[in-house]
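Data block below; observations after.
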């Protein structure tokens, strides 16, 4: 998808999500940051972290699992 497509879809999700719970699986971190109130990070079927983007993105287990151990 182009950057413009991602922006259009994100805007649509934001409108649809008003007063609703929306479950998404997304790997584009800028989309996750802009759309999510609560994030649950899974690795191999196990929950590594849950919370807001600021706390989850700094979690040592999340960083190790997705960026490698030198970032943790």
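Taking all Cα pairs closer than 8 Å and separated by 6 or more residues, the relative contact order of the chain comes to 17 percent.
What shape does the chain take by its C-alpha gyration tensor, where a ≥ b ≥ c are the square roots of the eigenvalues and a/c under 1.5 counts as rounded, a/b above b/c as prolate, and the rest as oblate? Prolate, because a/c is 1.5 or more and a/b exceeds b/c. The angle separating the long axis of helix 3-16 from the principal Cα axis of greatest extent in the chain is about 80 degrees.
FYI, it's all coordinate maths here, none of it is from the lab. These numbers come from a predicted model, not from an experiment.
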